[in-house]
Every structure is written in structure tokens, then in C-alpha cells.
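Undergrad: Take this structure, written in C-alpha cells, and hold onto it; I'll ask about it next.
The values are calculated or read from the model by the stated rules, or taken from the named source; none is laboratory data. These numbers come from a predicted model, not from an experiment. Neighbour counts run over all protein chains shown; Cβ positions are idealised from the backbone, glycine included. Heavy atoms of the whole protein, side chains included, go into the accessibility calculation; ligands, DNA and RNA do not. Shrake-Rupley method; radii C 1.70, N 1.55, O 1.52, S 1.80 Å.
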Amino acid sequence: PLMAVSGNLPNAIKKEIDILEPIAIRADIKIDTSLLNIHQLKEVIRDHLGVDNAVTVNILSFGFKYGAPIDADFIFDVRTLPNPHWKIELRNQTGLDDDVKAFFAEYSEVDEMANDIIAFFKKWLPPFLHNNRHTV
């Protein structure tokens with residue numbers, strides 16, 4: 001829309017600067033983006049905000065009965081592990097409950113699976129971060 005009014009890109013940029021001037025004079029931080037790509041801009045903004053360059057891992061437990069989440073980056077199928085659901089007294093509890101924790105503690109394969117998943121993340125999360133993926 002600005003180019004249609006201004007006729008060419010340099011005029012459109014000048015018009016945009018003029019329009020944004022009332023906001024720009026109130027800004028605490030100004031970033032010259034002329035020579036930055038999108039990844040560099042993210043880094044500059046993170047530095048200004050004091051945000052760590054880290055990956056946030058969101059973990060979702062789901063049942064295959066209703067299908068896998070369509071937006072998952074990784075799915076770890078743990079159906080080979082013992083299932084506390086089949087113990088009536090544990091059925092209404094979650095992995096946060098002590099009785100369920102005690103149930104899983106009886107099976108070494110639970111720790112083995114957890115350690116394998118942790119090793120996977122230790123190996124593969126740094127490349128995600130390197131490629132500016134901050135949420136998995």
C-alpha cells in the first residue's frame with residue numbers, strides 16, 4: 001500500500017519513517033535492521049531483553065486411541081512400558097502421584113527408556129537452537 005502511494009521503494013521507506021516518527025521518538029531501544037537477517041534480529045532482540053538462548057521443550061502425554069497430536073515435533077511411543085492404567089487402584093491417578101511413581105520404579109525398562117529419550121534430547125536440541133528453533 002505504501003508503494004502505491006509513494007511510487008517506489010525509497011519513497012515508501014521515507015513515508016514509513018515519517019509515519020512512524022511519533023512512535024520512534026518514544027522508543028527506549030532502536031535497532032538498525034538494515035544489515036540484519038531475521039535470525040540476527042532475533043539474537044539482537046534476545047540480547048536487549050536479556051532472554052537466554054534456550055530451547056523450551058513442551059511435553060504432552062496422549063493416548064493413541066484418539067490419534068497422535070498433529071503438531072508434535074517428536075513422538076516417543078512408550079506403549080511397550082508397563083501401564084499403571086491396568087491396575088484398578090492406579091487408574092484414576094497420574095504420574096505425579098506417589099503410587100504411580102512407585103509402580104514405575106519397579107521396572108528398570110522405564111528408567112532405560114527415560115535415559116534414552118534424555119540422551120536423544122541432549123544430542124538433538126542443540127541443532128534446533130542453532131537453527132533458531134526455540135520451542136520443541
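Undergrad: Is region 62-70 home to any residue that is farther than 30 Å from N131 by Cβ, part of a loop (DSSP other than H, G, I, E, B), open to solvent by 70 Å² or more (accessible area, probe 1.4 Å) and free of Cβ contacts under 8 Å to residues at least 12 places away in the same chain?
TA: Looking through region 62-70, none of the residues is farther than 30 Å from N131 by Cβ, part of a loop (DSSP other than H, G, I, E, B), open to solvent by 70 Å² or more (accessible area, probe 1.4 Å) and free of Cβ contacts under 8 Å to residues at least 12 places away in the same chain.
Undergrad: What number of residues in region 21-33 are open to solvent by 80 Å² or more (accessible area, probe 1.4 Å) and either at pLDDT below 85 or part of a helix (DSSP H, G or I) (or both)?
TA: Going through region 21-33 one residue at a time, the tally reaches 2.
Undergrad: To continue, here is another question. For region 49-80, give me the residue count where each residue is closer than 30 Å to A27 by Cα, out of contact with any Asp or Glu (no Cβ under 9 Å at 6 or more places or on another chain) and not hydroxyl-bearing (S, T, Y).
TA: Looking only at that region, the number is 6.
Undergrad: So which residues in region 107-136 are open to solvent by 60 Å² or more (accessible area, probe 1.4 Å), within 30 Å of K42 (Cβ to Cβ), out of contact with any strand residue (DSSP E or B) (no Cβ under 6 Å at 6 or more places or on another chain) and outside any helix (DSSP H, G or I), if there are any at all?
TA: The answer is N131, R133.
Undergrad: Let me ask something else about it. Conditions: (1) open to solvent by less than 50 Å² (accessible area, probe 1.4 Å); (2) part of a helix (DSSP H, G or I); (3) at pLDDT 90 or above. F104 meets all but one. Number of the miss?
TA: (1)
Undergrad: Check R79 against each of (1) over 28 Å from I38 (Cβ atoms); (2) at pLDDT below 95; (3) touching a helix residue (DSSP H, G or I) at 6+ places or on another chain (Cβ under 9 Å); (4) surrounded by 11 or more Cβ atoms within 10 Å (Cβ to Cβ) and name the one condition it does not meet.
TA: R79 satisfies every listed condition except (4).
Undergrad: Any residue in region 3-12 that is among the small types (G, A, S), in contact with a Lys or Arg (Cβ under 7 Å, 6 or more places away or on another chain) and surrounded by 11 or more Cβ atoms within 10 Å (Cβ to Cβ)?
TA: The first filter runs over region 3-12 and keeps only residues among the small types (G, A, S), leaving 4, 6-7, 12.
This time we only want the ones that are in contact with a Lys or Arg (Cβ under 7 Å, 6 or more places away or on another chain), so: 6.
If we keep only those that are surrounded by 11 or more Cβ atoms within 10 Å (Cβ to Cβ) as well, we get 6.
For region 3-12, residues among the small types (G, A, S), in contact with a Lys or Arg (Cβ under 7 Å, 6 or more places away or on another chain) and surrounded by 11 or more Cβ atoms within 10 Å (Cβ to Cβ): present.
Undergrad: Here's a follow-up. Within region 34-59, take every residue that is in a loop (DSSP other than H, G, I, E, B), more than 22 Å from P127 (Cβ to Cβ) and open to solvent by 70 Å² or more (accessible area, probe 1.4 Å) and give me the one that is modelled with the highest pLDDT.
TA: L35
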